[in-house]
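The values are calculated or read from the model by the stated rules, or taken from the named source; none is laboratory data. Bear in mind that the values here come from a model prediction, so they are computed numbers and not experimental data. FYI the Cβ positions are ideal-geometry reconstructions off the backbone, even for glycines, and counts take in every protein chain you see. SASA here: full protein model, heavy atoms, side chains in, ligands and nucleic acids out. Shrake-Rupley method; radii C 1.70, N 1.55, O 1.52, S 1.80 Å.
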Amino acid sequence: MESEQTLLSSTPVDSYVWGERAWEGPHAGHPTSQDGRKLPLICRPWRLWHRATLCFTGSRKTSWRRYILGAVILVIVVVIYSTSESSRRTFMSFVLCSSLVHGRPPESSFRCSNMANTTVPHLRIPPKAVENKLREDPKVLLFTETQYSKTGKAITNILAANRIKYKMEVLGKSLPGLTNLSRGKYGTVVFENFERYLQIDSWNRELLDKYLRDYNVGLLGFMPSHEETQVGAKLRGFPLYVHTNMALENISLNNENPVLQLTRAGGTITDSLPGTDWTVFTPDDATYVPLEWAYSSFPQYSEERLITAILDKGDFDGISRVLFGSNLDFWLHRLLFLDALSYLSLGRISVSLDRYILVDIDDIFVAKKGIRMNAGDVTALLESQKRLQEMVPGWKFNLGFSGKYYQNGYPEENVGDMALLEHVDDFWWFGHMWGHTQPHTLTQENLEKQMQLNKQFAWNHNIPTDSGYSVTPHHSGVYPVHEPLYDAWKKVWNVRVTSSEEYPHLYPARMRRGFIHRNIMVLPRQTCGLYTHTVFIDKYPGGRAMLDASIHGGELFQTIVFNPISIYMTHLSNYGNDRLALYTFESVIKFVKCWTNLNLRTVPPLQLGEKYFHLFPEERDPIWGYPCADRRHMEIWAKGKTCEQLPKFLVIGPQKTGTTALYTFLAMHPAIMANYPSPETFEEIQFFNGKNYYKGIDWYMKFFPVPANSSSKFLFEKSATYFEGEMVPERVKALLPHVKLVITIIPPSKRAYSWYHHMRAHSDITSLQFSFHEVITATEKTPRQLRNLRNKLLYLLKLTSSKCIQRYDKRKGFFCQVVEEDRTKCLGRGKGRIYPPMNESDAKLLKEYYQPYNIALEKLLTRLDYPVPGWLEDELQ
Ligand code: A3P
């Protein structure tokens, strides 16, 4: 049975060396029965069967063809097996073939040689004299070669991922303004190509250097690659020599360098380095301190340690600098880049060292037969959890369950299910969907029923139900929001926090953010490269090397470094089979501990949510995006929802410019349809400004007809309050990227006068108390309520217009809707009020007051190639 056992234990073995201690791999366990005995292969015929079919098909996807083929082969094999000893060997070689398909992965080469005695240096603090010279949250000033240059993009990606504010400039003849009201705007200056800094003309160079000295700001630069090799070339103006186009190996960090903060000198990296065009530095002054070293691959240099990144402490010319001999392709440079920003800005641009990690096992009972967990896998999970707790205080796997699939595997897998529940107290738990159904396909009633079933399952099995956390299959219903899901979550599970990869979009991952909707916190979730179908190391997309690259400084490692809070989603099948999840997380955590000084922690989801929005309060408010821009969003949007139910144009005001008349007349056109009225705000929805926005887009869309029930192509809405809403432009652009905006403009003095009478008609005390003249001539010394009323007059207006079936009504003095040939219907008494004309002196005063605004408006309209209305020409005469 020797070969059979080889097949069964074909799991990756992690042999990390951690200081002096060799770590046991997370996969050391052998499949065991419930009482802990090792199970021979014969107890697991299904798994052998599954692998046998795989040997011949090379794929795990189940298809009836493959099973028929497998069945035929197995019958032949069994017949041969039962006839002779030599045939038995044939059978065993078949088993081995399977074993080769899922071969034992190579051992990891990662070694950490510098765990002990490393203390994190204190952040540098700005000296008193310069403490307040910079603005409160200084930005990074980044000079790039072009808008699209490679290193420039890599830099902005890191800055965006770490939410560091920056201004990007393509270096031209002049520098951007460096100060505002004598306060410095930038905390660090970065040159994508350090040689550009050396080439700046003397006037601008002096200006920039003076800023750097006066405001105690440092400079960071990357050496570019060159066609021709420079040997011992002196950097213009500095006691520093460079040698370009080097191919290097065995890179390590200088433990003593004060730049190291987040980054820890973890040892020597023997993996090959990206590029053969590295620049190395040879300093000739004590101001320079090596930051990173490597050896050349060429024999003539083999003994020499070459400096690949260097700190200039500023002793030479009063300016601190960090120079990199290569770009950001090398993962370690991405960490050093953050540290250099922090060092050079005296800690003013730095990220915290605290990192929270939560690993969800989203579908703890959901997987096909044959790839689920058995009791041995559960033991391995518990052992791994213990080891992780030593490295990450508070670590617990967070198990999401869909009760419907409990005991749904082969007998040994069902024992695995039971083993999980025997250890219910060792994990955190959260309710998933009962049947793993996508919520956007269900009504609230059905959702509640499903959730209730799952809750009943939890009660029956002593699973805690008070985590306040849940997630859904494929992020369905979380974003784009399916309101019935939020309702049911609140009602059945008292859910307060969830996580998703979809807000605002899956890609790019660095832009994922959180939001709060109806008191449920939605946290961004990261991916770890493990999916339901990635269960064997030798089937990992791109091979074992790909997974290891992600762990050893690559994507997975960087998500931990760049995100203060990381939530990962994994599945049951990642913990059975080759137990890839255990391998992945233990490995990456060790790597993080080796190469960084980050403080790793795990806390339950609710605490995590609170922490997240404490760190990023600006993310609390959602920005609803256009669901039809993203195929994935369309797939998880409720059936029948369509972007055709969103308006094609908006009349956005301002108030008192005839917006109601325009709205009424437009709606009379057969191809145009206005929104349904609101019980609170009448013909206006007032969604994009104010509180209604938080009700979500389902609420907004209810104001428009379902396209199938309407022949009108052009839906529109009018909310005159949009014109003054600060958030409106960003919100409208996100939800309605193709919308057309209609703005009505009338003489501003007329609008002001109408507004005054509108306020009087609404019994506004100030307008009743003061004359129009008093309002428009209010100064800083006049009562505050009068100034407030006056300020409501101050708009810059813009224009568009339209025609409809309307007739001038002499009695009303305005155009009215033609209802029948001889009958018109005018707007109510609140529109087109009768009041005395404005007196001449007030009209003159306002004409003068508005003149600069009217000039600006005329210029804008001309620039946009819009017609200039007659009243504006008159005003400007
Ligand atoms: P007044 O009532 O001061 O005359 P809004 O609907 O944006 O609040 O604007 C109201 C203004 O629309 C009215 O202000 C009136 O001057 C103007 N208006 C334009 N066409 C109108 C119409 N056909 N009937 C009524 N008012 C109209």
*Amide H of Glu501: which non-local residues (sequence gap of 5 or more, or other chain) have their own amide H closer than 5 Å, using H built in the peptide plane?*
Arg525
*asked:* I'd like the Karplus ³J(HN,Hα) series for segment 169-181: coefficients 6.51, -1.76, 1.60, θ = phi - 60°, whole numbers in Hz, and an x wherever there's a Gly or Pro.
replied: 10, 8, 4, x, 6, 10, 8, x, x, 9, 10, 9, 6
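Using a 1.4 angstrom probe on the protein heavy atoms only, line up Arg525, Arg544 by accessible area, largest first. Mind dumping the intermediate values first?
Details: Arg525 0, Arg544 25 Å².
The ordering from most to least exposed comes out as Arg544, Arg525.
Among 189-199, 237-247, how do they line up by average Cβ neighbours within 10 Å per residue, starting with the highest? Intermediate results must be reported in sequence, preceding the final value.
Working: 189-199: 20.2, 237-247: 18.1.
Order by mean packing, descending: 189-199, 237-247.
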_I need two numbers for segment 206-278: Rg to one decimal and Dmax as a whole number, Cα atoms only, in Å._
16.0, 43
_segment 800-877: relative contact order as a whole-number percent, Cα under 8 Å and 6+ apart_ = 16 percent
*All other residues with a Cβ under 10 Å from the Cβ of Glu136 taken together, and with Lys, Arg as +1 and Asp, Glu as -1, what is their net charge?*
+2
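Count charges around Asp354 for me, please; just the other residues with Cβ under 11 Å from its Cβ, Lys/Arg as +1, Asp/Glu as -1. Intermediate values should be presented prior to the final figure.
Numbers: positive: Arg355, Arg601, Lys611; negative: none.
Once all neighbours under 11 Å are counted, the net charge is +3.
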*Quick one: which residues, 5+ away or cross-chain, put their amide H under 5 Å from the amide H of Ala233? H built at 1.01 Å from N.*
Val242
*Amide H to amide H under 5 Å from Ile565: which residues, 5+ apart in sequence or cross-chain, H placed 1.01 Å off N in plane?*
Tyr356
*Two-decimal Rg to Rh for segment 497-541 - Kirkwood Rh, Cα set*: 1.14
*asked:* Restricting the calculation to Cα positions, tell me the Rg (one decimal) and the Dmax (whole number) of segment 726-792 in Å.
replied: 16.2, 46
*asked:* Using the Karplus curve 6.51 cos²θ - 1.76 cosθ + 1.60 with θ = phi - 60°, what ³J(HN,Hα) values do you get for each residue of segment 835-848, in whole Hz, with x for Gly and Pro?
replied: 8, x, x, 5, 6, 4, 5, 5, 4, 5, 4, 5, 4, 5
_Counting only other residues whose beta carbon sits under 12 Å from that of Asn193, what net charge do I get with K and R as +1, D and E as -1?_
-1
_So for each of 149-162, 333-346, 574-587 I average, over its residues, the number of other beta carbons within 10 Å; can you give me the resulting order with the highest mean first?_
574-587, 333-346, 149-162
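Here is the link list: Lys810/Lys847; Lys368/Lys404; Lys648/Lys718; Lys150/Lys611; Lys695/Lys733; Lys750/Lys781. Which ones come out longer than 23 Å on Cα distance?
On the way: Lys810/Lys847 28 Å; Lys368/Lys404 13 Å; Lys648/Lys718 12 Å; Lys150/Lys611 35 Å; Lys695/Lys733 18 Å; Lys750/Lys781 26 Å.
In this structure, Lys810/Lys847; Lys150/Lys611; Lys750/Lys781 lie more than 23 Å apart at Cα.
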_Ordering of 176-188, 812-824 by burial proxy (mean other Cβ atoms within 10 Å per residue, highest first)_ = 176-188, 812-824
*Compute the convex hull volume of the Cα atoms of segment 673-724, divide it by the residue count, and report the result per residue in Å³ as a whole number.*
77 Å³
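Please get the size of the charge dipole for segment 337-380, origin at its Cα centre, with Cβ charges of +1 on Lys and Arg and -1 on Asp and Glu, quoted in debye to the nearest 20. Could the numbers behind the result be given before it?
On the way: 5 positive and 6 negative charges, 25 e Å.
Value, rounded to 20: 120 debye.
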*Provide the per-residue ³J(HN,Hα) series for segment 269-274, in order, calculated from phi with Karplus coefficients 6.51, -1.76, 1.60 and θ = phi - 60°, each as a whole number of Hz, with x at glycine and proline positions.*
9, 9, 4, 5, 8, x
*asked:* From zero outward in steps of 10 Å, how is the percent of C-alpha pairs of segment 230-382 spread across the bins?
replied: 10, 32, 25, 12, 11, 7, 2
